[in-house]
Structure formats: structure tokens, C-alpha cells
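Asks: The following block contains the structure, expressed as C-alpha cells.
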Amino acid sequence: HVVSRVWVRHDGDPGERGPVARALDDALRRRVVVVIEEAGDPDSRRPVEPLALGYDRGRWWLFAWCRRRRAGCAVPVDRVVGAWPTTEQAPDRDIHAVFPDIPAEAFALSLSRP
């Protein structure tokens, strides 16, 4: 279920979410690879496997497996200027194996607060 892959750490109003965030939501929901591009870096366009979205202290983050770097990456969503979901299914990856340092106070929306 997609809601279990959306994490929040602090209360607050996440505000309006634009087309890039909706494209990331769609890729996460469908569990497909998405090509992202970050602001200010013309060489940043790369395919990633979205694992979760996180909201922390007023900022949304994409937690993903970067195929280029072969490692996990945490990307501020407000720095993503383009997001293009593909039709390629992303393999299942354990987010805790990719990001072992998830703060204890972060929790999935589908879980009750600790």
C-alpha cells in the first residue's frame, strides 16, 4: 500500500504540491522507475527507483535507489524540476537496508504514532 511508503517526521502543513510532486507520487504508487532532473545541474537527469516520500521540517524528500550511483539518494522534492515516470517496474527494495539511519521518530502514515 502506497501510504506505508510516505513518511513524516514532524507535524506541519505540507502545503501545496505541484506537478513534479504528483509525478513522483504516481511513480511511487505504481512502483515504477522515474527519471528525475534537479535544478541547477544539467547532468543530474537520471533514473531512480522511488522507495518513499518523506516530510521533515517543512520540506518533502524523495528517498530512492539511484541507478547511476548504485546507492540510495535523498533528494529534496523542491529541487526536482522534472520527473517522468516510466513503464518499467522498479524492483522491491527494503528501505531500511538502503537507508539504515531512518530516524526513530519518523513514522509511516499507515502506522500510529509511537
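Readers should treat all values here as calculations from the given coordinates under stated rules, not as data from a laboratory. As the structure is a prediction and not an experimental result, all values here were calculated from the model. No Cβ is skipped: glycine too gets one built from the backbone with ideal geometry, and neighbour counts run over all protein chains shown.
Asks: Multiply the residue separation of Arg69 and Arg30 by 0.36 nm, subtract the distance between their alpha-carbon atoms, and state the gained length in nm to one decimal.
Replies: Full extension of this stretch gives 11.8 nm more.
Asks: Right, here's the next one. What ranking, highest mean first, results for peptides 74-86, 48-60 when packing means the other Cβ atoms within 10 Å averaged over each residue?
Replies: 48-60, 74-86
Asks: Collect residues whose amide H, placed 1.01 Å from N in the peptide plane, falls under 5 Å from the amide H of Trp60; neighbours closer than 5 in sequence don't count.
Replies: When sequence neighbours closer than 5 places are left aside, the close amide H contacts are Val77, Asp78.
Asks: Take peptides 21-28, 92-99 and line them up by average Cβ neighbours within 10 Å, highest first, as a rough protection proxy.
Replies: 21-28, 92-99
Asks: Can you give the extra length, in nm with one decimal, that the chain gains between Arg45 and Arg59 once fully stretched, where that is 0.36 nm per residue apart less the Cα-Cα distance?
Replies: Gain on extension, Arg45 to Arg59, equals 2.9 nm.
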